[in-house]
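Structure, as structure tokens:
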Amino acid sequence: MNNYDDLKIIKKELKLISYHSYIATFFTNYEYRNKLLLIIFIDLELIKIIRSNLDKNILLTKLDWWKISCLESIDGKYYSVPSLRLINKYFKNDSFIKKEFSILINYLIKYSNTVSYNKKIKFYSKYLLIKNKIIFYIIKSKSYNLNIKRSLNFLAISKSLSEHNNKELSNKFFYKAKKICNRPNKKYLILFLLNSNNYFTKSNLYKRIFIVFNRGW
């Protein structure tokens with residue numbers, strides 16, 4: 001199986017699991033899209049693990065496997081898993097990605113090891129911020145203005161709270177984020193779409209695209 005087939009598998013899975021994420025990747029430069037699809041796919045695989053009802057030891061073993069496998073794929077080891085083959089293709093010997101992948105999964109391990117609600121919010125928010133950092137790297141952005149940074153930080157907290165059933169507080173952070181930066185430079189739009197609570201679905205696709213092109217995220 002070649003890399004083109006691996007990408008077809010990932011795209012098909014993303015359409016089924018997170019149609020919003022799949023559509024959001026179209027709002028970026030084409031040269032970055034396949035790498036972003038891969039990062040989002042791995043993110044969803046990791047989140048699927050921590051949301052499962054697995055025994056804690058099995059859950060941690062799975063996270064550890066992903067961490068070791070991703071790092072070894074970056075170092076050049078061959079795996080038969082499509083996503084790991086693509087990591088090897090796109091990020092082989094990339095020291096930045098290797099470091100950030102390790103930190104990324106470590107936050108989910110910390111998340112899974114705590115029972116404290118506040119710490120879970122903290123670790124999950126940190127996880128989202130590291131994912132954003134990886135995306136910034138992929139789209140070749142070394143710097144961005146303070147408003148974009150503050151807005152994305154609030155969005156990460158909002159998303160973390162939302163996924164832990166604190167909708168009221170999540171909405172407060174969400175509107176703070178929109179107030180600070182409602183119309184980001186199109187280069188950064190992908191980050192706002194991926195962290196937003198406003199989702200693309202098959203039924204609202206055209207409406208959401210109209211909003212994105214006319215009012216921002």
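The values are calculated or read from the model by the stated rules, or taken from the named source; none is laboratory data. Values in this document were obtained by computation on a predicted structure and should not be read as measured data. Reconstructed Cβ throughout: ideal geometry from the backbone, glycine too, with neighbour counts over all protein chains shown.
A compact table of results
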| item | result |
| --- | --- |
| In the range 49-81, residue nearest to residue 185 (Cα to Cα) [restricted to those that are among the acidic types (Asp, Glu) and exposed (fewer than 14 other Cβ atoms within 10 Å of the Cβ)] | 75 |
| Residue count, the range 111-136 (criterion: in contact with a helix residue (DSSP H, G or I) (Cβ under 6 Å, 6 or more places away or on another chain) and under 15 Å from residue 62 (Cβ atoms)) | 2 |
| Selection within the range 179-188 - under 18 Å from residue 129 (Cβ atoms) and at pLDDT 90 or above | 180, 181, 188 |
| Flag if residue 196 is within 18 Å of residue 43 (Cα to Cα), touching a helix residue (DSSP H, G or I) at 6+ places or on another chain (Cβ under 9 Å), small (Gly, Ala, Ser) and buried (at least 16 other Cβ atoms within 10 Å of the Cβ) | yes |
| Residue in the range 129-149 that is over 23 Å from residue 32 (Cα atoms) and modelled with pLDDT under 95 present | yes |
| Given (1) closer than 18 Å to residue 133 by Cβ; (2) in contact with a His (Cβ under 8 Å, 6 or more places away or on another chain), number of the condition residue 199 does not satisfy | (1) |
| Hits in the range 116-159 (condition: in contact with a His (Cβ under 9 Å, 6 or more places away or on another chain) and under 21 Å from residue 41 (Cβ atoms)) | 124 |
| Test: residue 167 is crowded, with 16+ Cβ neighbours inside 10 Å, of a type in the set (D, E, K, R) and closer than 17 Å to residue 124 by Cα | no |
| All positions within the range 110-138 that are farther than 15 Å from residue 159 by Cα, among the aliphatic types (A, V, I, L, M) and crowded, with 17+ Cβ neighbours inside 10 Å | 134, 135, 138 |
| Any hit, the range 72-92, residues being in contact (Cβ under 8 Å) with a residue 60 or more places away in the chain, in a helix (DSSP H, G or I) and closer than 28 Å to residue 180 by Cβ | no |
| Close pairs from the range 101-112: first in contact (Cβ under 8 Å) with a residue 12 or more places away in the chain, partner crowded, with 17+ Cβ neighbours inside 10 Å and of a type in the set (Val, Ile, Thr), Cβ under 6 Å, at least 6 apart | 103/130; 104/130; 108/50; 112/50 |
| Those residues of the range 157-213 which are of a type in the set (Gly, Ala, Ser) and either closer than 12 Å to residue 27 by Cβ or more than 20 Å from the chain's Cα centre (by Cα) (or both), in sequence order | 196, 203 |
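Conditions tested, residue by residue: (1) surrounded by fewer than 20 Cβ atoms within 10 Å (Cβ to Cβ); (2) under 14 Å from the mean Cα position of the chain (by Cα); (3) closer than 18 Å to residue 189 by Cα; (4) hydrophobic (A, V, I, L, M, F, W, C).
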residue	(1), (2), (3), (4)
6	yes, no, no, no
11	yes, no, no, no
17	yes, yes, no, yes
21	no, yes, yes, no
24	no, yes, yes, yes
28	no, no, yes, no
41	no, yes, no, yes
44	yes, yes, no, yes
47	yes, yes, no, yes
